[in-house]
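Trainee: One structure, as structure tokens, below. Some questions next.
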Amino acid sequence: MKTIIMAGGEGSRLRPITCGRPKPMVPVANRPMMAHIVDLLKKHGFTEIGVTLQYKPEYIRSYFGNGAEFQVNMRYFVEEVPLGTAGSVKNAQGFLDRTFLVISGDALTDIDLTQAVEFHRRQGAMATLVLTRVNCPLEYGVVIIRPDGAITRFLEKPGWGEVFSDTVNTGIYVLEPEVLNYIPPGQMFDFSKDLFPLLLREKKPLFGVVLPGYWCDVGNLMQYVQAHQDVLTGRVQTAIAARELAPGIWAGEGVDLHPQARLEGPVLIGDGSYVGKEAVIESYTVIGNGCLVREKASLKRSVLWNNVFVGAGARLRGAVVCSRVQVQAAAEVYEGAVIGSDSVLRERSVIKPDVKLWPGKLVETGSIVNSSLVWGTRWPKKIFGLEGITGLANVEITPDYASRLGAAFGAALGSGAKIAVSADSYPSSQMIKEALATGLQSTGARVYDLGTAITPLHRFAVRSLQLAGGVHVKISPRQPDQITLVFLNAKGANISRSMERKVENILAREDFPRVESSRLQPREFISGIAEGYLTGLLEQIEMAALRAARMRLVMAYDPRNLSTFVETLGHALNLEIENLDLSGSEDLPLSWDNYLENLAYLAEKVTAGGANAGAVIDPNADRLVLVDERGRVIQDSLLTVLIALIILKGRRGPVIVPVTAPRAVESLAERYQGRVVRTKTAVQDLLEKVLGQAGGRPDGNGNAPAQFLLNFDALGALTGILSFAAQNRVSIGDLVDEIPSFYLSQKEIPVSWEAKGRVIRSLIEEPAAEGSLELLDGVKVFHPDGWALVLPDPEEPVCRVFSEGASMEIAESLADLYTSKIEEILNKT
């Protein structure tokens with residue numbers, strides 16, 4: 001017996017989950033709805049199947065093919081124009097030469113189809129409608145039948161005043177071929193509205209049979225979620241494509257569950273998915289194939305499609321999350337919300353109940369979404385942050401994305417530009433570097449591959465090889481599961497904001513000039529660059545004095561990335577170095593915060609062992625924290641002032657410091673007849689100022705000026721400070737004692753992206769602020785006993801408040817004052 005599956009529906013009531021795919025291909029329990037229907041047909045011996053298609057037919061054809069994989073034979077009948085339910089079946093008339101069954105491909109049911117056919121034949125019917133009983137018949141075709149099943153009346157989707165039965169049409173029909181003669185060809189014609197009323201008027205044998213079993217037309221999003229729960233509880237008899245690990249816990253092939261993950265059935269986890277440490281998957285949750293659920297995430301009554309990323313600490317409650325969505329760390333999605341495919345919910349964002357996001361939307365960090373988003377795009381116009389481009393490895397920063405970034409940067413620098421690439425030693429960084437290089441090559445760039453490197457080495461290489469720029473790929477120091485791409489100009493400094501915008505615009509337009517294959521340049525693999533970099537560092541210091549001092553150091557650094565550099569410098573400078581074993585896993589380093597948590601331990605080791613100093617260096621040698629011989633920690637502003645002191649005492653030109661640096665720098669400059677230049681806080685502003693000063697440019701060998709190394713190369717800063725101390729026969733503690741006392745405070749306050757401009761404008765317009773403002777970076781307000789700086793963060797929806805006072809009490813009171821001012825501005829309507 002032949003069957004027609006009607007699979008042409010758009011499923012508009014299910015949007016946004018049906019955006020871009022026909023409703024029969026929407027997954028239920030990790031399989032398309034139509035796959036459940038095919039299983040039901042096969043169970044009852046229906047293996048000759050015709051499928052009527054209209055909306056996006058290629059989705060269904062490509063999935064089911066000729067049906068062989070499902071042990072059935074399939075043929076397809078495509079409507080060129082919409083023909084309605086009956087018209088679409090008329091379109092397959094040549095296939096239907098005997099009694100046949102019609103069933104919707106976008107419902108979920110386990111009704112006994114064999115029993116329906118037997119009833120049809122027993123009654124000698126021309127058409128038999130399979131009926132079921134429902135609590136609320138308003139959305140269905142209501143039918144009244146006599147005791148023998150003969151239909152006497154029906155009404156399509158009645159109002160409550162018209163409801164005369166709770167028996168409704170399931171859209172499953174057993175038909176004789178002659179019914180097709182009543183359907184006009186090539187025009188809209190519907191079973192319920194047109195054909196069946198016609199047969200009833202013509203007094204043809206039209207019957208209905210009420211059959212037990214489960215049936216749901218999955219007509220809205222609430223029913224869609226309920227359908228998953230019905231599958232998990234066994235209310236509908238359909239196969240779950242997974243093995244049951246424990247009662248109510250189903251898992252597909254290759255599922256990786258952390259031993260400390262907690263699962264409360266019934267739940268279904270699809271093939272190749274990962275559930276992390278202390279993640280909680282509560283009842284009635286379905287996770288698709290290839291999903292990644294990070295540590296301490298919490299999912300309850302939610303449906304995730306394939307390849308969804310759920311970040312650490314994220315919370316999903318009764319939500320539907322479509323394919324390739326990123327729900328980043330600490331984001332929250334609540335009851336009834338639907339997130340369309342390829343959307344990104346940034347960290348700490350909140351999606352309120354019943355909000356719908358259409359595909360490809362971006363919700364910024366910390367944003368709260370109260371209403372549905374239909375228009376707009378996923379991709380932010382601004383992708384560069386404080387240090388470059390940062391995103392989750394292989395989630396946001398994928399090989400495909402990196403290749404397009406490489407093409408955009410290559411296009412911005414021009415065809416034939418010489419561009420360096422490098423990466424730290426971690427696999428994700430190396431993978432992204434390879435993809436980046438191919439994108440650069442596609443635009444005709446000459447790519448110089450530095451291999452495994454650290455950021456300062458890459459800066460040196462760009463200068464020494466006289467390249468147009470470079471990109472270094474590294475694990476983010478803030479979150480080791482993230483990747484940062486640092487883009488450099490010909491000076492080895494971070495590219496300017498105007499160049500960032502140029503790259504962003506090219507990427508947004510995807511306006512990449514692909515060169516002919518004959519003009520593609522092979523990659524050049526550069527050797528010996530690490531030796532040149534280390535030689536350059538040693539040339540900047542007084543080696544003899546430092547070697548004679550025979551200093552002992554206690555350090556904390558990532559041996560995987562830095563051991564070659566640290567050991568080479570230690571040997572050359574006669575340093576005795578003890579490295580504390582703080583390294584992370586083989587796959588990821590410790591975060592910078594993890595290193596800082598061990599400062600007290602490091603200080604204790606320095607003082608107990610009589611070491612000359614201690615040092616913490618991040619895995620890419622971008623950041624440094626010192627500990628003097630007395631165990632005092634020197635970091636952030638204190639390290640800035642120490643570097644300024646060394647530059648001033650060494651008469652090495654003006655001191656370049658950010659606007660957030662304490663006034664102690666000016667006090668030291670006055671003492672040593674020096675000059676202070678303040679800049680914006682962004683890395684590229686500091687770098688440009690340092691390199692733009694007289695005598696500040698690199699020499700012909702690519703060696704950077706002393707101030708460059710002291711501020712932007714942790715190894716250079718460490719060796720430079722130690723060398724200065726040895727040359728002047730003082731300890732680091734002695735240098736710290738020269739620094740005037742200062743008191744700083746720092747706070748942050750949540751400010752939405754939309755409100756940042758209003759906050760800054762209001763602070764500038766304050767009458768009391770006139771004549772006491774500095775607008776170099778943010779709003780800096782000077783007071784008799786200190787200053788306060790309000791600085792909008794470029795990466796997060798917050799404003800940061802920095803302050804300095806004559807005492808700690810004053811510094812904190814100034815920070816509190818401006819935090820309160822911001823709150824008042826935000827509370828004004």
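Trainee: Can you give me the % of accessible surface on the chain that is carbon or sulfur? Probe 1.4 Å, all protein chains present, nothing else counted.
Mentor: For the chain, the apolar C and S fraction of the accessible surface comes to 48 percent.
Trainee: Sequence-distant or interchain residues sharing an amide H contact under 5 Å with residue 356, placed H: which?
Mentor: 338, 372, 373
Trainee: Residue 539 versus residue 295, label points 7 Å from Cα toward the beta carbon: distance in nm?
Mentor: According to this spin-label approximation, the distance is 4.5 nm.
Trainee: Give me Rg/Rg_expected for segment 480-538, where Rg uses Cα atoms only and Rg_expected = 2.2 N^0.38 Å with N residues.
Mentor: 1.60
Trainee: Then there's this: Under 16 Å Cα to Cα from residue 780, which aspartates and glutamates show up? Leave out anything in the same chain fewer than 8 places away.
Mentor: Candidates past the 8-residue exclusion: 748, 765, 766, 770, 793, 804, 812, 816.
Trainee: Tell me the angle of helix 636-649 to the major Cα principal axis of the chain, expressed in degrees between 0 and 90 and rounded to the nearest ten.
Mentor: 30 degrees
Trainee: Once both labels are modelled 7 Å past Cα along the beta-carbon direction, what's the residue 81-residue 743 spacing in nm?
Mentor: The two pseudo-label positions are separated by 8.3 nm.
Trainee: Please list 266-273, 708-715 highest first by mean number of surrounding beta-carbon atoms within 10 Å per residue.
Mentor: Most protected by this proxy first, the peptides run 708-715, 266-273.
Trainee: Oh, and also: Between residue 434 and residue 188, what is the label-to-label distance in nm when each label sits 7 Å out along the Cα-to-Cβ direction?
Mentor: 5.4 nm
Trainee: Follow-up question, since we're still on this one. So if we plug the beta-carbon distance of residue 571 and residue 677 into 1/(1 + (r/R0)^6) with R0 = 35 Å, what FRET efficiency do we get, rounded to 0.05?
Mentor: Step by step, r from the Cβ atoms, then E = 0.40.
Trainee: Which values, in whole Å and largest first, are the semi-axes of the equivalent ellipsoid of segment 1-62 obtained as the square root of 5 times each eigenvalue of the Cα gyration tensor?
Mentor: Calculated on Cα positions only, the semi-axes equal 21, 13, 9 Å.
Trainee: Follow-up question, since we're still on this one. Can you tell me the orientation of helix 399-413 relative to the chain, as the angle in degrees between its alpha-carbon axis and the longest Cα principal axis, to the nearest 10?
Mentor: Taking Cα atoms only, the helix is inclined about 50 degrees.
Trainee: How big is Rg to Rh over segment 704-796, alpha-carbon atoms, Rh as the Kirkwood inverse-mean-distance radius?
Mentor: Reported Rg/Rh (Cα atoms, Kirkwood Rh): 1.14.
Trainee: Residue by residue, what Karplus-based ³J(HN,Hα) values in Hz, rounded to whole numbers, does segment 237-249 have, using 6.51, -1.76 and 1.60 with θ = phi - 60° and x for Gly and Pro?
Mentor: 8, 9, 6, 9, 7, 6, 9, 8, 6, 8, x, x, 10
Trainee: Something else about it: So how much accessible area does residue 358 have, in Å² to the nearest 10, using a 1.4 Å probe?
Mentor: Number for this one is 60 Å².
Trainee: Further question: Per-residue accessible area for residue 152 at 1.4 Å probe radius, Å² rounded to 10?
Mentor: 60 Å²
Trainee: Return the long-range amide H neighbours of residue 78 (sequence gap of 5 or more, or a different chain), with a cut-off of under 5 Å between placed amide H atoms.
Mentor: Those lying under 5 Å, H to H, from residue 78 are 53.
Trainee: Given a 1.4 Å probe, how much area per residue of the chain is accessible, in Å²?
Mentor: For the chain, the per-residue accessible area is 41 Å².
Trainee: Something else now. Can you check what the Kirkwood hydrodynamic radius comes to for segment 258-310, Cα pairs only, in Å to one decimal?
Mentor: Hydrodynamic radius (Kirkwood, Cα only) of segment 258-310 equals 10.4 Å.
Trainee: Further question on the same structure: Evaluate E = 1/(1 + (r/R0)^6) for residue 580 and residue 371, where r is the Cβ-Cβ distance and R0 equals 51 Å; express this FRET efficiency to the nearest 0.05.
Mentor: Once rounded, the FRET efficiency stands at 0.50.
Trainee: Follow-up question, since we're still on this one. Residue-wise, which Karplus ³J(HN,Hα) couplings in Hz belong to segment 353-364, taking 6.51 cos²θ - 1.76 cosθ + 1.60, θ = phi - 60°, and x for glycine or proline?
Mentor: Result, rounded to whole Hz: x, 6, 6, 10, 10, 5, x, x, 8, 10, 10, 5.
Trainee: Of 296/605; 382/433; 90/361, which ones are farther than 30 Å apart at the Cα?
Mentor: 296/605; 90/361
Trainee: Take 325, 78 and sort them by solvent-accessible surface of the protein heavy atoms, 1.4 Å probe, largest at the top.
Mentor: Ranked from most to least accessible, the order is 78, 325.
Trainee: How large is ³J(HN,Hα), in whole Hz, for each residue of segment 22-35 in order, when computed from phi with the Karplus curve 6.51 cos²θ - 1.76 cosθ + 1.60 and θ = phi - 60°, using x for Gly and Pro?
Mentor: Running phi through 6.51 cos²θ - 1.76 cosθ + 1.60 with θ = phi - 60° gives x, 4, x, 9, 5, x, 10, 6, 6, 9, x, 3, 5, 5 Hz.
Trainee: How large are Rg and Dmax for the chain when only the alpha carbon atoms are used, in Å?
Mentor: 34.4, 113
Trainee: Another question, then. Where the centroid of each part is defined by its Cα atoms, how far is segment 468-533 from segment 413-464 in Å?
Mentor: 6 Å
Trainee: For segment 191-307, evaluate the Debye formula with one uniform point scatterer on each Cα (no solvent term) and list log10 I(q)/I(0) at q = 0.11, 0.20, 0.22 Å⁻¹, rounded to two decimals.
Mentor: Taking Cα atoms of segment 191-307 as identical point scatterers yields -0.47, -1.05, -1.21.
Trainee: I'd like the Kirkwood hydrodynamic radius of segment 366-510, using the inverse of the mean 1/r over distinct C-alpha pairs, in Å.
Mentor: That comes to 15.3 Å for segment 366-510.
The values are calculated or read from the model by the stated rules, or taken from the named source; none is laboratory data. None of the values given here were measured: they were computed from a predicted structure. Note that each Cβ is placed from the backbone with ideal geometry, even for glycine, and that neighbours are counted across all protein chains shown. Please note that ligands, DNA and RNA were not included when accessible areas were found on the heavy atoms of the full protein model with its side chains. Shrake-Rupley method; radii C 1.70, N 1.55, O 1.52, S 1.80 Å.
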